[in-house]
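Asker: Okay, handing you the structure first.
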Amino acid sequence: MQRDEALKLLHQYVKNDKMLAHCLASEAVMKALALRVNEDPEKWGLAGLLHDLDVEITNADPAVHALETARILEENGIEKDIVEAILLHNEDAAHGRKRTEKFHHALAAGETITGLITATALVYPDKNVQSVKAKSIVKRMKEKAFAASVKRENILECEKIGVPLNEFAELALNAMKEMQNGNQQG
C-alpha cells in the first residue's frame, strides 16, 4: 500500500485532530527509528501511521481494539507482519501477548513516545514540540510524570532493539520536529 492510500484509509476511520496528529507523529518516529536500525522506513512508517486506525470506532476498548484494525488492514491488503505488529501492540496490555521481533518492540516504543513528547510539550508556555528537549523527556519518564496512556515499559522497548533511551528520545523528538516543520511549511 502506498502512503497516499494509507492516508485515505486513516482519514476514513480517524476524525479526531489529536488522534490524526498522533498517527502522523508515530509514522515520523517509526521511519526515523527504522533508518537508525537499518530497517525499511516505509514499512515501519506505515505501521506507525495505521496503528490506531480503529481507536475511534472501538472507543479503544482493549477487548476489540486491534482486532478491528487487523480486520480492516487485512481487507486492504496490508502486509501480514505489519498487521501482526499492530495486533501485538494493541493487544499487549489486554491479553498479555509478548513481542517477539525487532519490529514489534519498535512499534511499542515508537508510537508510545509520541504521547510522552506531546505531554511534555504541554508543560511549556508555547505548548509546542519545538520547545521540548530530549533530557526533559527522559526526566519526565524517570519522574513517572507523564500521560496516563503512556507506559514507561513500552518506551523502554527501544533498548531491546539496541537504541539507548537518551538517543531514542533525541531521535523521536527530532522526527516529530521535522514533521511539524514540514506541516507548517506545507
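Asker: Can you tell me which condition Leu88 does not meet? The list is (1) outside any helix (DSSP H, G or I); (2) modelled with pLDDT under 85; (3) within 25 Å of Met176 (Cα to Cα), and all the others hold.
Answerer: (1)
Asker: Right, another one. Output the qualifying pairs, or none if there are none: Cβ atoms under 7 angstrom, residues six or more apart or on different chains, first residue in the range 9-33 and touching a residue at least 40 places away in the same chain (Cβ under 8 Å) and surrounded by 23 or more Cβ atoms within 10 Å (Cβ to Cβ), second residue aromatic (Phe, Trp, Tyr) and assigned to a helix (DSSP H, G or I).
Answerer: Between residues of the range 9-33 that are touching a residue at least 40 places away in the same chain (Cβ under 8 Å) and surrounded by 23 or more Cβ atoms within 10 Å (Cβ to Cβ) and residues that are aromatic (Phe, Trp, Tyr) and assigned to a helix (DSSP H, G or I), the close pairs are Met30/Trp44; Lys31/Trp44; Leu33/Trp44.
Asker: Another question about this same structure. Restricting to the range 152-186, count the residues that are part of a loop (DSSP other than H, G, I, E, B), modelled with pLDDT of 85 or more and of a type in the set (Gly, Ala, Ser).
Answerer: 1
Asker: Still on this model: When you check Glu79 against the structure, is it without any contact (Cβ under 8 Å) to a residue 24 or more places away in the chain and not basic (Lys, Arg), yes or no?
Answerer: So Glu79 does not fit the description; no.
Asker: Separate question: Looking at this structure, is Glu75 out of contact with any Asp or Glu (no Cβ under 7 Å at 6 or more places or on another chain), modelled with pLDDT of 90 or more and within 21 Å of Leu9 (Cα to Cα)?
Answerer: It is true that Glu75 is out of contact with any Asp or Glu (no Cβ under 7 Å at 6 or more places or on another chain), modelled with pLDDT of 90 or more and within 21 Å of Leu9 (Cα to Cα).
Asker: Which condition number in (1) modelled with pLDDT under 85; (2) farther than 29 Å from Asp81 by Cβ; (3) surrounded by fewer than 14 Cβ atoms within 10 Å (Cβ to Cβ) is the one that Ser149 fails?
Answerer: (2)
The values are calculated or read from the model by the stated rules, or taken from the named source; none is laboratory data. In this text, all values refer to a predicted model and were calculated from it rather than measured experimentally. Note: ideal-geometry Cβ built from the backbone for every residue, glycine included; neighbour counts use all protein chains shown.
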